[in-house]
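The values are calculated or read from the model by the stated rules, or taken from the named source; none is laboratory data. Keep in mind the model is a prediction, meaning the values are calculated, not measured. Note that each Cβ is placed from the backbone with ideal geometry, even for glycine, and that neighbours are counted across all protein chains shown. These area figures cover heavy atoms from the full protein model, side chains too; ligands, DNA and RNA do not enter into them. Shrake-Rupley method; radii C 1.70, N 1.55, O 1.52, S 1.80 Å.
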Amino acid sequence: MTRKLFGTDGVRGRANSWPMTAELALKLGAAAGRYFRRDGSAAHRVVIGKDTRLSGYMLENALTAGFTSTGMNVLLLGPVPTPAVGYLTRSMRADVGVMISASHNPHQDNGIKFFGPDGFKLSDAAEAEIETMIEGEIAPAKPENIGRAKRIEDGRGRYQEFVKTSFPNGLRLDGLKVVIDCANGAAYRCAPEVLWELGAEVIPVGTAPNGTNINHRCGSTHTETAAEAVVAHGAHVGISLDGDADRIMILDEAGRVADGDQIMALLAARWAEDGRLNGGALVATVMSNLGLERFLQGRGLRLERTSVGDRYVVERMREGGFNLGGEQSGHIVMTDYATTGDGLVAGLQFLAEMVRTGRPASELTRSFATVPQMLKNVRFTAGARPLEVEAVQEVIRASEQRIEGLGRILIRKSGTEPLIRVMAECEDEALLAAVVDEIVGAVEAAV
């Protein structure tokens, strides 16, 4: 079965426009409720979390109506990080978890992603089946079996206590000055509190959400704000999360940014040295830099590549029994601790290495020299298929021949936005810029 609604990370779109309407959210809730209640037994439950977008209230209510109409009891967590939903779904023995968030996107967008009872995101097959159910008639529960809904006040606290258990015993953050940028998003309360409780001096940024300022000039996609705070306050390190706190960027004491590749390199080397890197491999996507691959090979480790999307990273990790993976964009997945990317847990792992080694962030964030990489996005209109145009394909083939043996080219359609992403890596920066610009020009001419 194919999926039409679901992308690489749930259903996503502009709020109050298809597919992010209250009507569709209600149908999604009902379909997912029916999907997870097929045994007909009672006492089924769903946990629903959200970030701080204004549209989250609308979608939360619609999903609640859909779930309760099929007999599911709904536990509303309020604003919590995406990884908290994965953790609490399993911890609270829920049949399904839902996170309402569009991650790093602007506030006008929103999304809905599902977690199974094991706390992991649903498979493509499960999402396709839920889509099929939406298209048909969804049998409602009998009047006496309609579900109940209630708010859970301690969900965030439960998650915070769990996160602290990921920090090594015997270590403290005393003496460390840490800037934490929460992107005015889901972690605006829990991240500063966890860091403070572990002993850090905390400089919070992006902790005043108003419904429309999530990711606005802050967070992991706009690290300039955290960088300025690091320098202004003389902080030892900065941590930038995105709107739902499942991805992270690290800033050193000079405000320089380290992406997910550098964080994964540090953790992979440390875990391998400690004998805890399962399978001697790191799982990352096709977007990760060649420099990371060379770094791992130099230590006798492997890089297992997947399609773009943390869900595909997690699937490969589970298939191969690996326990560390992630994306250059900052999703760091550590299945020893979490079922999905967790920016706060990843940040604590980095801080633990600072404490353990006594080395500054600037040293720990430069594990390898990156191969020059360029990424450009081309926006297209609905219905357009620029990558299928013969002229575009000819330019791509010619570019691949020019760069063969010197680097690589990756062109793909975004799974979350109407964008064609054109990425290339090459030691020859002039050639790199030339091939990317040629491909971008061809795609733009086709849209």
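Couple of notes before you dig in:
- Share of pairwise Cα separations in the chain, more than 28 Å, in percent: 51 percent
- Taking every Cα-Cα distance in region 338-447 and sorting them into 5 Å bins from zero, the calculated P(r) comes out as 2, 11, 17, 14, 12, 11, 10, 11, 7, 3, 1, 0 percent.
- When +1 charges are put on Lys and Arg Cβ atoms and -1 charges on Asp and Glu Cβ atoms, the dipole computed for region 186-272 relative to its Cα centre reaches about 40 debye.
- Among the trypsin sites (Lys or Arg not before Pro) in region 139-216, those placed in a DSSP loop whose Cβ has at most 15 other Cβ atoms within 10 Å are R148, R172.
- Per residue, the solvent-accessible area of the chain (1.4 Å probe, heavy atoms of protein chains only, all protein chains present) comes to 40 Å².
- On region 103-223, 49 percent of the accessible area sits on carbon and sulfur atoms, based on a 1.4 Å probe.
- Helix-only mean residue ellipticity at 222 nm for the chain, each DSSP H run of n ≥ 4 adding -39500 (n - 2.57), per residue, nearest 500: -11500 deg cm²/dmol
- Percent antiparallel among DSSP beta bridges (both partners in the chain, rounded to 5): 50 percent
- Expected-Rg normalisation [2.2 N^0.38 Å, Cα atoms] applied to region 218-270: 1.11
- With both residues required to sit in region 280-361, DSSP beta bridges show an antiparallel share near 30%.
- Dimensions of region 222-304 from C-alpha coordinates, computed as largest minus smallest value along each principal axis and given longest first, are 41, 24, 22 Å.
- Of the solvent-accessible surface of region 375-416, computed with a 1.4 Å probe over protein heavy atoms with every protein chain present, carbon and sulfur atoms account for 49 percent.
- Between M317, M20, I180, the Cα set farthest toward the positive side of the dipole of the chain (charges on each charged residue's Cβ, about the Cα centre) is that of M20.
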